[in-house]
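Let me begin by presenting the structure, written as structure tokens, before commenting on it.
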Amino acid sequence: VPEDVLSEVGPAVAGMDFVTHCYERPRHEGVWEYNFFAMTHGRSEAESERRIAEVAETMNEYWDVEPSDWDTLFSTRILKKTGIRIAERADGNTSSQRSST
């Protein structure tokens, strides 16, 4: 997303009822060129494709979206979300630090 329209595109895409995650991301030249991420869900590939097209149409209201401006990634399996476990991470970091000294 061009930087000059990012603050408008973000809320427009995030406000779509089927978008569950939407945020700005840092670009990493040569690795990941995109600065914007939006996640949608569909019960079928066709439904997902329609929703992706709706996101593209919404973005196209703000600039002339080219095919090279974005990419689509599909999940190949469902991963259980556990969230960050701060206590476990803190214990792990403390244990690692002790054993390396």
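Net charge around R51, counting only other residues with Cβ within less than 15 Å of its Cβ (Lys, Arg = +1; Asp, Glu = -1)? Summing Lys/Arg as +1 and Asp/Glu as -1 gives -4.
Ligands, DNA and RNA are left out, and with a 1.4 angstrom probe the accessible area of region 27-82 is 84 Å² per residue.
The values are calculated or read from the model by the stated rules, or taken from the named source; none is laboratory data. None of the values given here were measured: they were computed from a predicted structure. In this analysis, Cβ positions are derived from the backbone assuming ideal geometry, glycine residues included, and neighbour counts consider all displayed protein chains. Note: accessible area is taken over every heavy atom of the protein model, side chains too, but ligands, DNA and RNA are not part of it. Shrake-Rupley method; radii C 1.70, N 1.55, O 1.52, S 1.80 Å.
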